[in-house]
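Values quoted throughout were computed directly from the atomic coordinates according to the rules given, and no laboratory measurement underlies them. Owing to the predicted nature of the structure, the values given are computational and were not obtained by experimental measurement. Don't worry about glycine lacking a Cβ; one is built from the backbone with ideal geometry, like all the others, and counts go over all protein chains shown.
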Amino acid sequence: MGRHFVTNFIPNPQEGHSTAASVQLIDVPVFQKLERVKGDWDDISNRILELSAMGSPNESGVWLEVIYDGIEVIGDLRERLEAAISGTQMEILRIKNNRIIDRVLGQIHEEETLDDLNVNDVFERCLAVHDVPEEQRPELLRAYQETVSSLYEDDVQAE
């Protein structure tokens, strides 16, 4: 809650204008702070430290969107981020690791984006990037398709 001043004017009915005033503090709700943290690992970890050092624990309950765009490929980014915010009131709502996305997409054309691919294309590229042997790929792809199909069925039933 934030504190704000409210001024009340008491009109003087004989003269038609205000002659007395009172001031009081009232609590006003404050919206949840959302912070976008973007950069390489050093930039992100330093900004999280800055945010955790700001104000009291109740005031540092920031929601974070983290966008990693460093050169180094960090496979354990989520674990590092969770360790960085442990003991704080911060919560990570979204993590976008551009290096992993770029690596998985292995973009053939500059204009190709994740939106241009279906879920099977992305999974097949993941298999290729992680050097999964060709003989294992058909079974993994079948299991993946079953899982995705099951998720879609559950989603339709939930509606």
Point-to-point label distance, Asp27-Arg94, nm (Cα→Cβ direction, 7 Å offset): 3.1
Calculated FRET efficiency for the pair Arg125/Asp40, C-beta based, R₀ 22 Å, to 0.05: 0.35
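With charges set only on the Cβ (+1 for Lys and Arg, -1 for Asp and Glu), what does the dipole of region 32-97 come to about its Cα centre, in debye to the nearest 20?
Numbers: 8 positive and 13 negative charges, 48 e Å.
With only Lys, Arg, Asp and Glu charged at Cβ, the dipole is about 220 debye.
Given 0.36 nm per residue, what is the gain on full extension from Leu140 to Asp69 after removing their alpha carbon distance, in nm? Show your work: numbers first, answer last.
Numbers: separation 71, 0.36 × 71 = 25.56 nm, distance 2.96 nm.
Between Leu140 and Asp69, full extension yields 22.6 nm more.
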